[in-house]
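K.L.:
Structure provided below as C-alpha cells; questions to follow.
The values are calculated or read from the model by the stated rules, or taken from the named source; none is laboratory data. What you see is a predicted model, and the numbers here were worked out from it, not measured in a lab. Because the Cβ atoms are built from the backbone with ideal geometry, glycine has one as well, and the counts that use them run over all protein chains shown.
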Amino acid sequence: MQKILTIAGSDSGGGSGIQGDLKTILSLGGYGMSVITAVTAQNTMGIQGIVPMDPDFVALQLESVLSDIGADAVKTGMLANADIVSVVAEILSKYKIDKLVVDPVLVSESGKELLEKEGISRLVDKLFPMTYLLTPNIPEAEALTGKSVTTVSDMIKAGKKLQKMGPKYVLVKGGHLQDSPVDVLHDGSQYYEFATQRVRTRHTHGTGCTLASAIATLMGRGLPLMESIDQAKRYLYRALRFSLRIGSGIGPTNHLASITREMARTQTIEELDKALERLKRLNIGHLIPEVQSNLAYAIPFAESVEDVASFPGRIIRMIHTVATMTGAKFGASRQIHHLVLAAMDYDPERRAAMNIAFSDVLVRRIRSLGFTVAEFDRNRTPPDLQEEEGSTLAWGVQDVMEELGRVPDAIFDRGAVGKVAMIRLFGKDPGSIVDLIAKL
C-alpha cells in the first residue's frame with residue numbers, strides 16, 4: 001500500500017484539512033499519514049478560531065514520519081504562517097520528495113485569511129521550486145499572479161505565469177467560473193483542459209482539499225499525472241453529487257461515496273436473492289400481474305441503471321408461487337431501475353421497488369395498514385412522452401413525488417390503452433417490501 005502524507009490544518013468539523021485528506025486517501029487505496037500545521041475551531045458556518053502549531057513541532061512531526069515510514073507522495077494544504085512554510089520546505093527538500101502536490105490555501109471559504117503576506121512570499125520562494133503540481137483555484141491564482149481571472153483564457157495565462165514561479169505543473173481549478181467548470185493544466189509550454197459537469201449543490205466544503213489529496217494519492221500509486229487528475233476529478237464529482245447536508249451552513253463533500261458504492265454491490269445482490277426466497281414461501285402468485293413482476297434494489301449513491309440490480313427475465317408466476325430464470329444482476333431491467341432512481345432523487349434511502357398486480361381491494365388493504373398510497377393517471381401523460389417506452393411510467397411516478405414532496409409507500413395507476421394497471425411498492429430495502437407484501 002502506497003504511503004501518502006498530508007501536511008495541513010486540523011478541521012474540527014471534519015470536512016476539510018487533515019480529516020478530509022485522510023478520508024480521501026483511504027477511499028482511494030492509500031495509507032494516510034499526517035502532519036498538523038494548525039488546529040482550527042470550525043463547523044459548517046465557518047472558522048471560529050485558529051491556533052498555529054509551533055514550527056519546531058511541525059518539523060518534528062515531519063522528521064518522525066519521513067525518517068521512518070517515508071512517503072510515496074506528499075500533499076500540502078493550510079500552512080498557517082511563514083515559519084511553518086520554511087520548515088516544511090526545508091525538510092521536504094532534505095528527503096527529496098518528488099511527488100509534491102501543493103494546494104495553496106490562502107483564504108477560507110468564509111473569507112478568513114489563512115496565510116499572511118510573508119507566508120505567501122515564502123511559499124513562492126521556498127516551496128514552489130520543489131512542487132510537482134500546484135492546484136490553485138481562481139481566487140488563489142489571482143492572489144498569486146496579481147491578475148484578474150474570469151475566463152478560461154485568463155486561466156491559461158495564469159497557469160503559465162505560475163509555472164514560471166517554479167512548479168513543474170500548475171492545475172488552475174475553474175469551479176469559480178460562471179459557466180461550466182473547466183480546469184486548466186499547464187506545463188509551461190502546453191496546456192490541457194479538463195471539462196466537468198457542474199454539480200448543483202451548496203455543500204462544497206473541502207472541495208480543494210479533496211481534489212489535491214486525491215491527485216496525490218493516485219500519483220503515489222503510480223498513475224501518470226493526466227490519469228491521476230482525471231480519476232481524481234471523477235472521485236470529486238461523486239463526492240460533490242452526494243455531498244453531506246449536515247449542520248446549518250455549507251456541508252462537506254462526501255469522501256466515502258465512491259467506496260460505499262463499491263462495497264455495497266455484493267450485499268445488494270445477496271439481499272435481493274434472500275428476499276426472493278422469502279417471496280417464494282409466501283405463495284404470492286395472485287399478486288403477480290400479466291406482464292410479470294420484478295424486485296429492484298440500488299446501491300447507495302446510485303447514478304445509473306447499472307447501479308440497480310433486479311432479476312433478468314422478471315419474477316414470474318408459477319401457479320401459487322413465483323420463480324426467476326436466474327439470480328439478481330445489475331442492469332437487468334431498465335424500467336424498474338429508472339423507477340428506483342426516480343425515488344432516490346427524492347429520498348436517497350428509498351432504494352428498493354417492486355411492481356404487483358392492481359386491484360381496488362389491494363389499494364384499500366395497503367392504506368388500512370397505515371402505508372401512504374398515491375395515484376397517477378396515465379391518460380394525463382404529456383403527448384410528447386406517450387410514444388417513448390417507459391416514459392409514461394417515469395412521468396407519472398415523478399409527478400406524484402413532486403406533488404407530495406416525498407416518496408409514498410405505494411404508487412398505482414389504473415392502466416390505459418396497451419398499459420396494464422399496476423401497483424408499485426417502495427421501500428428502503430427488499431426486506432421491507434417483502435414485509436409489506438406478507439401483510440397483503
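K.L.:
Yes or no: region 58-68 includes at least one residue that is among the β-branched types (Val, Ile, Thr), buried (at least 18 other Cβ atoms within 10 Å of the Cβ), free of Cβ contacts under 8 Å to residues at least 60 places away in the same chain and under 21 Å from Pro136 (Cα atoms).
P.N.:
no
K.L.:
Still on this structure: Looking at region 343-354, which of its residues are in contact with a Ser or Thr (Cβ under 8 Å, 6 or more places away or on another chain) and more than 16 Å from Val305 (Cβ to Cβ)?
P.N.:
Correct list: Met354 only.
K.L.:
Follow-up. Output the qualifying pairs, or none if there are none: Cβ atoms under 8 angstrom, residues six or more apart or on different chains, first residue in region 105-133 and within 20 Å of Leu185 (Cβ to Cβ) and in contact (Cβ under 8 Å) with a residue 24 or more places away in the chain, second residue among the polar types (S, T, N, Q) and not in a helix (DSSP H, G or I).
P.N.:
Leu127/Thr76
K.L.:
Ok, one more. Scan region 332-358 for residues that are of a type in the set (S, T, N, Q) and either in contact with a Gly (Cβ under 8 Å, 6 or more places away or on another chain) or without any contact (Cβ under 8 Å) to a residue 24 or more places away in the chain (or both) and jot them down.
P.N.:
Result: Gln335, single match.
K.L.:
Continuing with this model, one more query. Given Ile69, Ile84, which one is under 11 Å from Ile7 (Cβ atoms) and either of a type in the set (A, V, I, L, M, F, W, C) or at pLDDT 95 or above (or both)?
P.N.:
Ile84
K.L.:
Quick check on my filter: what residues within region 225-278 are among the polar types (S, T, N, Q) and either in contact with a Lys or Arg (Cβ under 6 Å, 6 or more places away or on another chain) or farther than 20 Å from Asp345 by Cα (or both)?
P.N.:
Start the filter on region 225-278 by keeping residues that are among the polar types (S, T, N, Q), which leaves 228, 231, 243, 248, 253-254, 258, 260, 266-268.
Matches in region 225-278: Ser228, Gln231, Ser248, Ser258, Thr266, Gln267.
K.L.:
Mind listing whichever residues of region 226-250 are surrounded by 15 or more Cβ atoms within 10 Å (Cβ to Cβ), out of contact with any strand residue (DSSP E or B) (no Cβ under 8 Å at 6 or more places or on another chain) and either among the small types (Gly, Ala, Ser) or not in a loop (DSSP other than H, G, I, E, B) (or both)?
P.N.:
Within region 226-250, Ser228, Gln231, Ala232, Tyr235, Leu236, Tyr237, Arg238, Ala239, Leu240, Arg241 qualify.
K.L.:
Taking the stated definitions as given, is Gly32 in contact with a Gly (Cβ under 9 Å, 6 or more places away or on another chain), assigned by TED's automatic domain parsing to the domain that holds Thr210, modelled with pLDDT of 95 or more and not charged (D, E, K, R)?
P.N.:
Spelling it out, it is not the case that Gly32 is in contact with a Gly (Cβ under 9 Å, 6 or more places away or on another chain), assigned by TED's automatic domain parsing to the domain that holds Thr210, modelled with pLDDT of 95 or more and not charged (D, E, K, R).
K.L.:
For residues that are in contact with a Ser or Thr (Cβ under 6 Å, 6 or more places away or on another chain) and over 12 Å from Leu339 (Cβ atoms), scanning just region 295-313, find the one that is surrounded by the most Cβ atoms within 10 Å (Cβ to Cβ).
P.N.:
Ala309
K.L.:
So, of the residues in region 251-272 that are surrounded by 21 or more Cβ atoms within 10 Å (Cβ to Cβ) and touching a strand residue (DSSP E or B) at 6+ places or on another chain (Cβ under 8 Å), which turns out to be farthest from Leu211 (Cα to Cα)?
P.N.:
So, considering only residues that are surrounded by 21 or more Cβ atoms within 10 Å (Cβ to Cβ) and touching a strand residue (DSSP E or B) at 6+ places or on another chain (Cβ under 8 Å), the one farthest from Leu211 (Cα to Cα) is Leu272.
K.L.:
Taking the stated definitions as given, is Gln197 more than 19 Å from the chain's Cα centre (by Cα), at pLDDT below 95 and of a type outside the set (A, V, I, L, M, F, W, C)?
P.N.:
So Gln197 fails the test.
K.L.:
Another one. Go through region 169-180 residue by residue and tally those that are surrounded by fewer than 17 Cβ atoms within 10 Å (Cβ to Cβ) and in contact with a Phe, Trp or Tyr (Cβ under 9 Å, 6 or more places away or on another chain). Give the steps one after another, and end with the answer.
P.N.:
Kept after step one, since they are surrounded by fewer than 17 Cβ atoms within 10 Å (Cβ to Cβ), are these residues of region 169-180: 176, 178-180.
If we keep only those that are in contact with a Phe, Trp or Tyr (Cβ under 9 Å, 6 or more places away or on another chain) too, we end up with none.
Adding up the residues that qualify gives 0.
K.L.:
Okay, next question. For region 344-389, name all the residues that are among the basic types (Lys, Arg) and either at pLDDT below 90 or not assigned by TED's automatic domain parsing to the domain that holds Lys419 (or both). Walk me through it before giving the result.
P.N.:
At the first step, the residues of region 344-389 found to be among the basic types (Lys, Arg) are 350-351, 364-365, 367, 378, 380.
If the condition is that a residue be among the basic types (Lys, Arg) and either at pLDDT below 90 or not assigned by TED's automatic domain parsing to the domain that holds Lys419 (or both), then Arg378, Arg380 are the ones that fit.
K.L.:
Pairs, please: C-beta under 8 Å, at least 6 apart or cross-chain, first residue crowded, with 22+ Cβ neighbours inside 10 Å and in region 393-419, second at pLDDT below 85?
P.N.:
Gly396/Arg378; Gly396/Thr381; Ile411/Gly396; Asp413/Arg378; Asp413/Gly396; Asp413/Lys419
K.L.:
Report, by residue number, each residue of region 283-331 that is under 22 Å from Arg265 (Cα atoms), in a loop (DSSP other than H, G, I, E, B) and either hydroxyl-bearing (Ser, Thr, Tyr) or more than 22 Å from the chain's Cα centre (by Cα) (or both).
P.N.:
Residues satisfying the conditions are Asn294, Ser304, Phe311, Pro312, Gly313, Arg314, Thr324, Met325, Thr326, Gly327, Ala328.
K.L.:
What pairs come out if I take residues in region 244-262 that are within 20 Å of Arg200 (Cβ to Cβ) and pair them with residues that are part of a loop (DSSP other than H, G, I, E, B) and among the basic types (Lys, Arg) whose C-beta lies under 7 Å away, six or more apart or interchain?
P.N.:
Ile250/Arg202; Gly251/Arg245
K.L.:
All but one of (1) assigned to a strand (DSSP E or B); (2) of a type outside the set (A, V, I, L, M, F, W, C); (3) surrounded by fewer than 22 Cβ atoms within 10 Å (Cβ to Cβ) hold for Lys75; which doesn't?
P.N.:
(3)
So that you can scan it fast, the table gives a plain yes or no per residue for (1) small (Gly, Ala, Ser); (2) surrounded by fewer than 20 Cβ atoms within 10 Å (Cβ to Cβ):
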site: Gly111; (1), (2): yes, yes
site: Leu115; (1), (2): no, no
site: Asp125; (1), (2): no, yes
site: Pro129; (1), (2): no, yes
site: Ala141; (1), (2): yes, no
site: Lys157; (1), (2): no, yes
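K.L.:
Shifting gears a bit: Among the candidates Lys94, Lys99, Lys23, single out the residue that is basic (Lys, Arg), at pLDDT 95 or above and within 22 Å of Ala257 (Cα to Cα).
P.N.:
Criteria check complete, one pass: Lys23.
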